[in-house]
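Below you'll find the structure, written out as structure tokens, and then a few comments.
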Amino acid sequence: MIDNNASVLLIYTGGTIGMIENSETGSLESFNFKQLKDNVPELKRFKFTIDTLEFNPPIDSSNMGPSEWQKLVGIIQEHYDKYDGFVILHGTDTMAYSASALSFMLENLDKPVILTGSQLPIGKMRTDGKENLITALEIAVDKDPYGKAIVPEVCIFFQDYLLRGNRTTKVNAENFEAFHSYNYPPLAEAGVHIKYESHLIHYPATRKPARFHYLLDSNVMILKLFPGISKDVVEAVFNIPSLKGVILETYGSGNAPDLDWFLHIIKDAIDRGIVVVDVTQCLSGTVEIVRYQTGRILSEIGVISGYDITTEAAVTKLMYLFGHGMSIKEVKDHMLCSLTGEMTTLK
Ligand code: ASP
């Protein structure tokens, strides 16, 4: 049920969605958000309040990183009590990373934080941006009969689907269906009605005040295995001086070469206190580290399973855990359990 007395803060960070075509030159230019309602007149039909705030200058999401995530958390914390929900307009390229990072940085959320964007600028005739924006705004103010937010989570809404943010991956650079959540079903589908799957949405068990986290440590790395990866490359990665954690993108259900030099380099790194997390290169499915001998050996030398976590969620989770000064054991323990619905551990 849309709450007409509600208010949403719409934060524009940059990306394709915020562009319009200059009718004289035909080139794409950044949109002035002060004129949002002139460019998207459909918004005038909403009875709830939409306030806007923009990054100045707007940024391509290739330039997103910890300081921009901290800035977003700061904006949300400052305005948390005043608004019923938040919509973040963001470039699609790194949206899955930002959604994952925010899901860890915003603890005990009881309001929606919906990221969306578009493949075509909002000022283009065939834009997917209007639809994405309008539905994201509706979701941000949708309440249950008791007046509680229906989706108190960090999500991505894109092309009809509401996805848990930390389960998403950008899968298409061309198609309007740019995001997918392979290991967790959509939280809602928007057709004639927005159909929420309440049993899939995370509701905090007890009402705790929201907590806003800012600390992140970027001394982490993603290493994607490929047949023929050389000793020099693996050695160089695991010997980066300030390195604290590595997301090892393995094959299939979590397998890697069982070559002596390879295992030796990784074991040596783990013995020096580097946390190594096994995440599969497959888009769907989970790491079952002991299913094959080539996975079991990784587990024996101390590599931990990332189960069905995405690379985007795994790397931002490591940044968050190390950022909070956790010990190596604490980081490993937290990587092995779900903090905010980012993974399904095996029973
Ligand atoms: N390069 C753009 C960005 O991610 C693409 C987009 O907005 O979809 O910021």
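With an 8 Å cut-off on Cα pairs and a minimum separation of 6 or more residues, tell me the relative contact order of the stretch 164-218 in percent.
Values: 36 pairs, mean separation 11.6, N = 55.
RCO, the stretch 164-218: 21 percent.
Restricting attention to the chain, close to 40% of DSSP beta bridges with both partner residues there are antiparallel.
Considering only protein heavy atoms and a probe of 1.4 Å, how much of the accessible area of the stretch 65-115 is carbon and sulfur, as a whole percent?
42
Using a Förster distance of 51 Å, how high is the FRET efficiency between His324 and Met125, based on the Cβ-Cβ distance and rounded to 0.05? Between His324 and Met125 the formula returns 0.60. The convex hull defined by the C-alpha atoms of the stretch 245-307 has an orientation-averaged projected area of 3.6 nm².
When you have a sec, figure out the Kirkwood radius of the stretch 98-144 from all distinct Cα pair distances and drop it here in Å to one decimal?
Values: mean 1/r = 0.0818 Å⁻¹.
Taking the inverse mean of 1/r over all distinct Cα pairs, the stretch 98-144 comes out at 12.2 Å.
Along the stretch 165-182 the Karplus relation, 6.51 cos²θ - 1.76 cosθ + 1.60 evaluated at θ = phi - 60°, assigns HN-Hα couplings of x, 7, 10, 9, 9, 6, 10, 8, 8, 10, 6, 5, 8, 7, 10, 9, 10, 6 Hz to successive residues, with x for each Gly and Pro.
Multiplying the residue separation of Ile229 and Ile2 by 0.36 nm and removing their Cα-Cα distance gives an extension gain of 76.4 nm.
Once divided by 2.2 N^0.38 Å, the Cα radius of gyration of the stretch 58-139 becomes 1.11.
Rolled with a 1.4 Å probe across the full set of protein chains, the surface gives Tyr292 an accessible area near 110 Å². Ligands, DNA and RNA aside, Arg272 has an accessible area near 120 Å² when probed at 1.4 Å. Annotation: amide H-H contacts under 5 Å for Val40 (H modelled 1.01 Å from N, sequence separation of 5 or more, or interchain): none.
Of Tyr146, Tyr214, Tyr184, the order by accessible heavy-atom surface (1.4 Å probe, DNA, RNA and ligands excluded), from most exposed downward, is Tyr146, Tyr214, Tyr184.
At 1.4 Å probe size, put Ile274, Ile134 in order of accessible surface, largest to smallest. Intermediate values should be presented prior to the final figure.
Working: Ile274 10, Ile134 40 Å².
Highest to lowest solvent-accessible surface, that is Ile134, Ile274.
Within the shell of other residues whose beta carbon sits under 10 angstrom from the beta carbon of Pro186, the net charge comes to 0, with Lys and Arg scored +1 and Asp and Glu -1. Only helices enter the 222 nm calculation for the chain: every DSSP H run of n ≥ 4 contributes -39,500 (n - 2.57), and dividing by all residues gives -7500 deg cm²/dmol, rounded to 500. For the stretch 75-119, count all C-alpha to C-alpha pairs, find those more than 14 Å apart, and express that count as a whole percent of the total. When every Cα pair of the stretch 75-119 is considered, 49 percent fall beyond 14 Å.
Using only the heavy atoms of the protein chains and a 1.4 Å probe, how would Phe104, Phe46 rank by accessible area, largest first? Display every interim value, and only then the final one.
On the way: Phe104 10, Phe46 40 Å².
Putting Phe104, Phe46 in descending order of accessible area: Phe46, Phe104.
Applying 1/(1 + (r/R0)^6) with R0 = 41 Å to the Cβ-Cβ distance of Leu346 and Leu215 gives a FRET efficiency near 0.85. Centroid-to-centroid, using Cα positions, the stretch 201-232 and the stretch 53-128 are 17 Å apart. Which shape class applies to the stretch 1-152: rounded if a/c is under 1.5, otherwise prolate when a/b exceeds b/c and oblate if not, where a ≥ b ≥ c are the square roots of the Cα gyration tensor eigenvalues? It comes out oblate by the Cα gyration axes. Note on the stretch 127-168: Cα-only Rg and Dmax are 11.0, 36 Å. Can you pull a Stokes-Einstein diffusion coefficient for the chain at 10 °C (1.306 mPa s), Rh from Kirkwood over Cα pairs, as a whole number of µm²/s? Rounded to a whole number, D works out at 75 µm²/s.
From the Cα gyration tensor of the stretch 26-91, with a ≥ b ≥ c the square roots of its eigenvalues, which class applies: rounded if a/c is under 1.5, or else prolate if a/b is larger than b/c, or else oblate?
Values: a/c = 2.68, a/b = 1.08, b/c = 2.48.
Oblate.
The values are calculated or read from the model by the stated rules, or taken from the named source; none is laboratory data. Computed from a prediction, not measured in an experiment: that's the story for all the values here. Cβ atoms come from the backbone with ideal geometry, glycine included; neighbour counts cover every protein chain shown. Only protein heavy atoms, including side chains, enter the accessible area calculation; ligands, DNA and RNA are left aside. Shrake-Rupley method; radii C 1.70, N 1.55, O 1.52, S 1.80 Å.
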